[in-house]
Amino acid sequence: MGLNRHDGKSLAVEVRYIQRIAALDRRNFDLRALLKAGEALHNELKVESLCELLMAMARERLFVNELAVLLHHEQEGVLTVEAAMGLPEEVVGVSVEARDGILWRMLLAGEPFSIVDLSGMPRFNGVFCGNGLKALRGQTWVPLATSGRVIGVLSVGYPERDGLPAEELEFIGALASQAAVALSTARLYQLNAIARRDLDRSLHKLSMLFNVTRAMGAVSDLTQLLRLILNQAVGSVNAQKGSLMLLDEDTDELVIRVVTGLPDKEVERRINEGELPCKRFARGEGVAGRVLETGESVCINQVDEDQRFSRRDGSHVSSILCVPLVVEAEVLGVINITNRLSGGVFAEEDEELLQALANQAAVAIARTRLYEAAITDSLTGLFVRRYIMHKGKEEYRRSRRYNTPLTLIMCDIDHFKSVNDTHGHPVGDAVIRAVAKALSRGLRDVDVVGRYGGEEFLLLLPQTSAQDAGVAAERLREEVERLSVPIEGGEPLRVTASFGVAEVNLEGEDSLEGLLKRADDALYRSKASGRNQVTVHRAPTTIGPRVSAA
């Protein structure tokens, strides 16, 4: 028996009711799904992770396997594939120019649209074929847009399906809108993080440069200054070791002046004190020579694969960062930094930091060189008379103020006039240099030695009694006596020197001039008594067989 008209009408109403309930249920589920998806998206602050999350959500909802996310890089003016799923790895990095046109206007509209026609051909053939976008195998583009800005695009491919239902496109469009806001927030967060990192790096750089500049300003000795600069350079980029090389203008070669971080500390000490000669580098030779020649820094993180690095046995160098020391367009030398302690590579920021330090260091080195040239004797490298007298006045005042001993030693090379008359002034100069080195080697760091005039030397020994200074003078006398100065075409020349020692009189009236006179008188006694001996003025005891008290 058939249904009557009223029964058919009721059935139709019931069907529509069921359909409406189903639609509402689907709508309610989609809204809850979007809410949860939005929470997940907005809790993620990494752009890369957001792209992966968006593609995973789209794949789960649409049952598709070929997806890609392109992001809009406004400064470069391009859309670039940042992540892909179910596609070859080569598609990542593919870019297309983001310029105004029909495609761009459709992206701004924010609604999903088909990028292929019914035959499967691209609707924007020139854009897709000319930029490699066909490799994405996309059929629908879902804009990632917010506040009138295109953040990017979600490319969806479904080669085994005819299309996407309207309700799925609506859902994915809403999901894309949430993703666009999340991506915009994540990008802003990353930009702020980068800005904070750059600010922290700049503050660290400024603080380091300020402290280094202040420290360098307090150092007047060139060797100490070079050690300070090198240690700061190695520490600033967290490196294992380094060297500082200065240009020898006479030979136009780079010479190692100081090193740090060597495994053999005795070798390091001998290099830093000038006892162990190192290889020199000509212009253009090796990394350092190239930096000298060009005035531009060089960073090599794989020295085995770079021909610019001069491989030497035992160098143990895996990476090197070399920067020039430049003042007024002149390269004074280079700083070589090798091997990161962490085992990583030197970055661009390391090079920038080291170059900023080198710029400050170069000025300090040039200033210190000028200062040393003004106070240093060109023949011997010792202090000139004016400076040694200035230091003498300082030490004399300190001795009187704090009631501490101060002793002067006068030294004169024996029979020096006959050396000049017999062998000539070049040999005489060689003798003076040899004696100066012997005197320098035999003193403490706090002692001061200078060329007082001609073949005569003055030594200042702070906080040293006359008796102790007499012992030191005897040791220096023996050191000079052992010297052997080579002479071209003849036997090596042996020389001796006489010494006079005098101590500050803390109990009575005295002056630096009076102290100098007593030391000079003691020297005269040494000369008059046969030379090659030490005389201590007013010394309570005699020190050694060649030391007498005047």
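The values are calculated or read from the model by the stated rules, or taken from the named source; none is laboratory data. Predicted, not measured: the structure shown is a model, and the values here were computed from it. As a convention, Cβ positions derive from the backbone with ideal geometry for all residues, glycine included, and neighbour counts pool all protein chains shown.
Descriptive notes on the structure:
- Failed item, numbered, when Asp468 is tested on (1) among the charged types (D, E, K, R); (2) more than 20 Å from Tyr387 (Cβ to Cβ); (3) surrounded by fewer than 16 Cβ atoms within 10 Å (Cβ to Cβ): (3)
- Qualifying positions in segment 325-345 - of a type outside the set (A, V, I, L, M, F, W, C) and farther than 14 Å from Val298 by Cβ: Glu328, Glu330, Gly333, Asn339, Arg340, Ser342, Gly343, Gly344
- Verdict on His425 being out of contact with any Gly (no Cβ under 9 Å at 6 or more places or on another chain), farther than 20 Å from Ser526 by Cβ and surrounded by fewer than 17 Cβ atoms within 10 Å (Cβ to Cβ): yes
Let's see how each residue does on (1) in contact (Cβ under 8 Å) with a residue 40 or more places away in the chain; (2) assigned to a strand (DSSP E or B); (3) surrounded by fewer than 16 Cβ atoms within 10 Å (Cβ to Cβ):
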residue	(1), (2), (3)
Val64	yes, no, no
His72	yes, yes, no
Glu76	no, no, yes
Val127	no, no, no
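- In segment 261-286, the residues that are among the aromatic types (Phe, Trp, Tyr) reach residues that are part of a helix (DSSP H, G or I) with C-beta atoms within less than 6 angstrom, at least six apart or across chains, in these pairs: Phe281/Ala288; Phe281/Gly289.
- Filter result (over 13 Å from Ser243 (Cβ atoms) and assigned to a strand (DSSP E or B)) within segment 314-366: Pro324, Val326, Val327, Glu330, Val331, Leu332, Arg340
- Tally of residues being more than 14 Å from Gly173 (Cβ to Cβ) and of a type in the set (Asp, Glu) across segment 101-127: 1
- Being of a type outside the set (Asp, Glu), touching a residue at least 60 places away in the same chain (Cβ under 8 Å) and either surrounded by fewer than 18 Cβ atoms within 10 Å (Cβ to Cβ) or outside the structural domain of Gly490 (by TED's automatic domain parsing) (or both) is a description that does not apply to Asn359.
- Pairs, first within 18 Å of Arg270 (Cβ to Cβ) and buried (at least 18 other Cβ atoms within 10 Å of the Cβ) in segment 223-238, second polar (S, T, N, Q) and at pLDDT 85 or above, C-beta under 6 Å, six or more apart: Leu230/Thr260
- Residue ID - surrounded by the fewest Cβ atoms within 10 Å (Cβ to Cβ), chosen from residues in segment 439-452 that are over 18 Å from Lys393 (Cα atoms) and at pLDDT 90 or above: Ser440
- Count of segment 218-275 residues, restricted to those that are assigned to a helix (DSSP H, G or I) and of a type outside the set (A, V, I, L, M, F, W, C), is 13.
- Taken together, Gly470, Gly424, Gly454 contain a single residue that is on the phi > 0 side of the Ramachandran plot, touching a residue at least 24 places away in the same chain (Cβ under 8 Å) and out of contact with any Leu (no Cβ under 7 Å at 6 or more places or on another chain), which is Gly454.
- For segment 252-263, the criterion of a residue being under 18 Å from the mean Cα position of the chain (by Cα), surrounded by 14 or more Cβ atoms within 10 Å (Cβ to Cβ) and farther than 23 Å from Val345 by Cβ is satisfied by at least one position.
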